[in-house]
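Here the structure is laid out as structure tokens; the discussion comes afterwards.
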Amino acid sequence: MSVTTKSPTWTNWAGTKNCQPEVIVHATSVDQVSEVVADATRRGVTVGPVGSGHSSAPLVPVNDVLLDVSGLSGISAIDVEARRVTVRAGTTIAALGEPLWNAGLALSKQGAIDSPTIAGAISTSTHGSGLALP
Ligand SMILES: Cc1cc2nc3c(=O)[nH]c(=O)nc-3n(C[C@H](O)[C@H](O)[C@H](O)COP(=O)(O)OP(=O)(O)OC[C@H]3O[C@@H](n4cnc5c(N)ncnc54)[C@H](O)[C@@H]3O)c2cc1C
């Protein structure tokens, strides 16, 4: 886990949203995430998670603890028969392609932009354009 404390600044991908949190924590394990959340709870401060920062809405900016989960990446379980894959929150769509292919699986559809994380995509209900492309 690495922590940036000296006047950290965060900006989203488009450069349209930013914040100056107290710290930016780069977590690389679930235990570290638990530690950060427990500490923030004790101190009564807010934790804001961030993936790839592709959201253009003001969802990420936070004054206290910005928790970057991009280091929590990769597939943790694959059930080929059920076609169910469990991935860590910071896994990008791009990072899913090869391991899925190696398991004989694939996303049913994929957008042109493959940088978002799975947690970010789920949190923002990322979708294609059109009712047939949920
Ligand atoms: C060039 C471009 C094209 C795009 N095209 C489309 C499109 O066609 N269709 C569409 O629907 N969207 C589109 N978007 C929006 C984009 O797909 C979503 O905003 C993106 O999927 C969010 O993923 P992220 O990893 O960047 O999340 P972030 O922007 O980092 O975070 C988004 C939200 O998720 C939360 N979050 C992130 N990680 C976690 C976590 N581990 N636990 C809990 N909450 C978490 C954040 O706090 C925030 O509220 C586009 C964006 C760009 C920049």
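The values are calculated or read from the model by the stated rules, or taken from the named source; none is laboratory data. What you see is a predicted model, and the numbers here were worked out from it, not measured in a lab. Counting neighbours? That spans all protein chains shown, and the Cβs are built from the backbone with ideal geometry, glycine included. In case anyone asks, the SASA skips ligands and DNA or RNA and just uses the protein heavy atoms, side chains included. Shrake-Rupley method; radii C 1.70, N 1.55, O 1.52, S 1.80 Å.
With a 1.4 Å probe and all protein chains left in place, how much of the accessible area of the chain comes from carbon and sulfur atoms, in whole percent?
Looking at the chain in its full context, I get 54 percent from C and S.
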Among 2, 90, 52, which residue has its Cα positioned farthest towards the positive end of the charge dipole of the chain, with +1 placed on the Cβ of Lys and Arg, -1 on the Cβ of Asp and Glu, and the dipole taken about the Cα centre?
52
Helix-only mean residue ellipticity at 222 nm, the chain, DSSP H runs n ≥ 4 weighted -39,500 (n - 2.57), per residue, nearest 500. What is it?
-6500 deg cm²/dmol
Which of the chymotrypsin sites (Phe, Trp or Tyr not before Pro) found in region 1-103 are in a DSSP loop and have at most 15 neighbouring Cβ atoms, other than their own, within 10 Å?
13
In Å², what does the accessible area per residue of region 24-123 work out to with a 1.4 Å probe?
59 Å²
Counting alpha carbon pairs within less than 8 Å and at least 6 residues apart, what relative contact order, in whole percent, applies to region 75-122?
39 percent
Diffing region 50-60: the Karplus 3J(HN,Hα) column from phi (6.51, -1.76, 1.60, θ = phi - 60°), in whole Hz with x for Gly and Pro, holds 9, x, 8, x, 8, 5, 9, 7, x, 8, 8
Angle between the chain longest axis and helix 93-102 axis [Cα atoms, degrees, rounded to 10]
40 degrees
Among 102, 63, 12, residue whose mean-square fluctuation peaks in a GNM of the chain (springs only between Cα atoms under 10 Å):
102
Given +1 on the Cβ of Lys and Arg, -1 on the Cβ of Asp and Glu, and no further charges, what dipole in debye does region 1-124 carry about its Cα centre, rounded to the nearest 20?
220 debye
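Before anything else, pin down the relative contact order of the chain: Cα pairs under 8 Å, at least 6 apart, normalised by residue count, whole percent. Show your work: numbers first, answer last.
On the way: 231 pairs, mean separation 26.7, N = 134.
Averaging sequence separation for qualifying contacts and normalising by length gives 20 percent for the chain.
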Quick check: the angle from helix 30-43's long axis to the longest principal axis of the chain, C-alpha only, nearest 10 degrees?
30 degrees
Bounding extents of region 2-68 in its principal axis frame from Cα atoms, largest first in Å, are 32, 21, 20
For 127, 54, give the ranking by accessible area with the largest first, probe 1.4 Å.
127, 54
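Under a 1.4 angstrom probe, counting protein chains only, how are 114, 68 ranked by accessible area, largest first? Walk me through the numbers on the way to the answer.
Working: 114 55, 68 25 Å².
Descending order: 114, 68.
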So what are the ³J(HN,Hα) numbers for region 122-131, from phi and the Karplus equation (6.51, -1.76, 1.60; θ = phi - 60°), rounded to whole Hz, Gly and Pro as x?
5, 4, 9, 6, 3, 8, x, 8, x, 5
Under the rule of at least 5 residues apart or a separate chain, name every residue whose amide H is placed under 5 Å from the amide H of residue 117.
52
Name the residue farthest towards the positive end of the dipole of the chain from the options 102, 25, 117, assuming +1 on Cβ of Lys and Arg, -1 on Cβ of Asp and Glu, about the Cα centre.
117
Along the principal axes of its C-alpha atoms, what lengths does the chain span, in descending order and rounded to whole Å?
45, 32, 20
